[in-house]
1. Cα axis of helix 2-13 to longest principal axis of the chain: angle in degrees, 0 to 90, nearest 10?
2. Would you calculate a helix-derived [θ] at 222 nm for the chain, using -39,500 (n - 2.57) for each DSSP H run of n ≥ 4 and dividing by the full residue count, to the nearest 500?
3. Give me the extension gain from GLN31 to GLU12: residue separation times 0.36 nm, minus the current Cα-Cα distance, reported in nm with one decimal.
4. In percent, how large is the relative contact order of the chain, given Cα pairs closer than 8 Å and 6 or more residues apart?
5. Run the accessible area of the chain with a 1.4 Å probe and give the carbon-and-sulfur part as a rounded percent.
6. Classify segment 9-97 from the C-alpha gyration tensor, please: rounded if a/c falls under 1.5, else prolate or oblate depending on whether a/b exceeds b/c.
7. For the chain, with only Lys/Arg (+1) and Asp/Glu (-1) charged at the beta-carbon, what is the dipole magnitude about the Cα centre, in debye rounded to 20?
8. Calculate how large, on average over all directions, the projected area of the Cα convex hull of segment 37-84 is; give the answer in nm² to one decimal.
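The values are calculated or read from the model by the stated rules, or taken from the named source; none is laboratory data. In this text the structure is predicted, and so the values were computed from the model without any measurement. Virtual Cβ from ideal backbone geometry, glycine too; neighbours counted across all protein chains shown. Accessible surface is based on the protein model in full, side chains and every heavy atom, while ligands, DNA and RNA are left aside. Shrake-Rupley method; radii C 1.70, N 1.55, O 1.52, S 1.80 Å.
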Amino acid sequence: MEIQTNYIEMLEQLPQPAFLVKDGAVLLANQAALNRTLNIGDPVTELIKIGQQEYRDFSGGRLSLSLIINGFTYNASVVKCDQLDLFYLESDYEESE
């Protein structure tokens, strides 16, 4: 319980929408992410628009990808955080013209 509380506090300190994924599902999210109607328990693979294969092969460092949340597309990054993946939204995605 205390570990989960620490992660929630960490997420809430991030200025951008952020969430943690464990075993392929959203485990915890900060209020900014929840305000975009991200749901705890959502399978993360259903959110990834660009970067599915790269995420499957991801073993460390930082990975950039695109997510769709509630019909909106966002540029995002993911980093390994202990046994969890920390996703954070960087900006709205802009289609190339």
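1. That helix lies at roughly 50 degrees to the long axis.
2. Values: 3 runs with 22 residues, N = 97.
After summing the helix terms and dividing by the residues of the chain, the value is -6000 deg cm²/dmol.
3. Working: separation 19, 0.36 × 19 = 6.84 nm, distance 0.69 nm.
That pair, GLN31 and GLU12, stretches by 6.1 nm at full extension.
4. Once normalised by length, the contact order is 23 percent.
5. Solvent-exposed carbon and sulfur of the chain make up 47 percent of the total.
6. Judged from the Cα gyration tensor, segment 9-97 comes out rounded (a/c under 1.5).
7. 160
8. On the way: hull surface 14.0 nm².
Over all viewing directions, segment 37-84 projects a mean Cα-hull area of 3.5 nm².
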